[in-house]
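Working notes for the structure below.
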Amino acid sequence: MAIRRTIESVFSVLKYYGIENILARSIVGFQQTVELIVLMLISHKLLLKVLYYLIYQPFRGFR
């Protein structure tokens, strides 16, 4: 069940960023757009992990 939720989450984020509506005039433009969307997806996931860590991890103080 967790794998399905992960896949659906990734697909919904890709759809949100417009992966279905790429209007490119060349294969290079298409490739650059897909790479940008994948980079945004990775950034999105990284941001969620950082926020999760900041919210749910106890403050350990300075060492």
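The values are calculated or read from the model by the stated rules, or taken from the named source; none is laboratory data. All values reported here derive from a predicted model rather than from experimental measurement. Positions of Cβ are generated from backbone atoms using ideal geometry, with glycine treated the same way; all protein chains shown enter the neighbour counts.
Quick check on Tyr16: is it out of contact with any Lys or Arg (no Cβ under 9 Å at 6 or more places or on another chain), surrounded by 11 or more Cβ atoms within 10 Å (Cβ to Cβ) and without any contact (Cβ under 8 Å) to a residue 12 or more places away in the chain? Talk me through it step by step, then tell me what you get.
On the way: out of contact with any Lys or Arg (no Cβ under 9 Å at 6 or more places or on another chain): yes; surrounded by 11 or more Cβ atoms within 10 Å (Cβ to Cβ): yes; without any contact (Cβ under 8 Å) to a residue 12 or more places away in the chain: yes.
In short, yes.
If you go through the stretch 37-51 one residue at a time, how many are surrounded by 12 or more Cβ atoms within 10 Å (Cβ to Cβ), closer than 14 Å to Gly18 by Cβ and among the hydrophobic types (A, V, I, L, M, F, W, C)?
Selection size over the stretch 37-51: 4.
Give the stretch 20-43 a look and list any residue that's of a type in the set (Val, Ile, Thr) and under 12 Å from the mean Cα position of the chain (by Cα), or say none.
Quick first cut of the stretch 20-43, residues of a type in the set (Val, Ile, Thr) only: 22, 27-28, 33-34, 37-38, 42.
Once the filter is applied, which keeps residues that are of a type in the set (Val, Ile, Thr) and under 12 Å from the mean Cα position of the chain (by Cα), the stretch 20-43 yields Ile37, Val38, Ile42.
Could you list all residues from the stretch 19-30 that are part of a helix (DSSP H, G or I) and either surrounded by 12 or more Cβ atoms within 10 Å (Cβ to Cβ) or modelled with pLDDT under 85 (or both)? It would help to see each step written out before you state the result.
Pass one, the stretch 19-30, residues part of a helix (DSSP H, G or I): 27-30.
Passing the criteria: Gly29, Phe30.
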